[in-house]
Amino acid sequence: MADTIHTVSFDVRDYECDLQGIVNNANYQHYFEHARHLFLRSQGVEFADLAARGANLVVIRVEIDYLFPLRSMDTFNVASTLDRVSRVRIACRQSITRADGRAIANAVVVIATMDASGRPCRLPAEVEAILTRLAP
C-alpha cells in the first residue's frame with residue numbers, strides 16, 4: 001500500500017493454525033483488528049478512551065481477499081491506512097505481507113461511529129485529525 005501510514009509485525013502462533021497447518025481464516029480478522037488499534041494508538045488515539053467518552057467505533061463491514069496462507073511461525077506485517085467514507089464512517093484499508101514480501105491478504109474494514117445509545121454520530125475530532133493529515 002503506497003499510502004500506508006502504519007505497519008506492525010507479528011508472528012503466527014501454533015494455536016492459530018487449523019488441521020491443515022495454515023492460519024484459520026478467522027484469525028486474520030484478529031490480526032487486522034489488533035493492527036487497527038495499534039494504528040490508532042500510534043496516532044495518539046486510544047480506542048478505549050473514545051468508548052469511555054461515548055464515541056464507539058463499530059465495524060459494520062469487513063471484506064477480506066485471502067491471497068496465500070500463513071503457517072506456524074511465519075513473521076508478517078500488517079499495513080494500515082484510513083479513508084473517509086462519510087461524516088460518520090471511515091474505511092481502514094489493510095494488507096498482510098509475509099516477511100519475505102509475499103502478499104497474504106488484503107482487507108477493507110468499514111467503521112461507523114456510534115454514540116452510547118447506538119445512534120450514528122460524527123467522527124471524533126482525533127479521527128478527523130488523522131484524516132486531515134492523510135489528505136493530499
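General observations
- Glu128 sits among other residues whose Cβ lies under 14 Å from its own Cβ, and their net charge, with Lys and Arg +1 and Asp and Glu -1, is +3.
- The ranking of Thr113, Thr132, Thr7, Thr75 from fewest to most other beta carbons within 10 Å of each one's beta carbon is Thr132, Thr75, Thr7, Thr113.
- Loop-located trypsin sites (Lys or Arg not before Pro) in segment 63-119 whose Cβ has at most 16 other Cβ within 10 Å (DSSP): Arg87, Arg102
- Under-5 Å amide H pairs with Ala105, H placed in peptide plane, nonlocal only: Leu67, Ile96
- Stokes-Einstein diffusion of the chain at 25 °C, 0.890 mPa s viscosity, Kirkwood radius from Cα pairs, rounded to a whole number: 157 µm²/s.
- Using alpha-carbon coordinates, inclination of helix 25-42 to the longest axis of the chain, degrees: 50 degrees
- Listing Cys121, Cys17, Cys92 from fewest to most neighbouring C-beta atoms within 10 Å gives Cys121, Cys17, Cys92.
- The local environment of Val88, defined by Cβ-Cβ distances under 12 Å, has a net charge of +3 under the rule Lys, Arg +1 and Asp, Glu -1.
- Within-11-Å neighbourhood charge of Val108 [Cβ basis; K, R +1; D, E -1]: -1
Computed from the coordinates by the stated procedures, all read-outs in this text should not be read as laboratory data. All values derive from a computational prediction rather than experimental measurement. In this analysis, Cβ positions are derived from the backbone assuming ideal geometry, glycine residues included, and neighbour counts consider all displayed protein chains.
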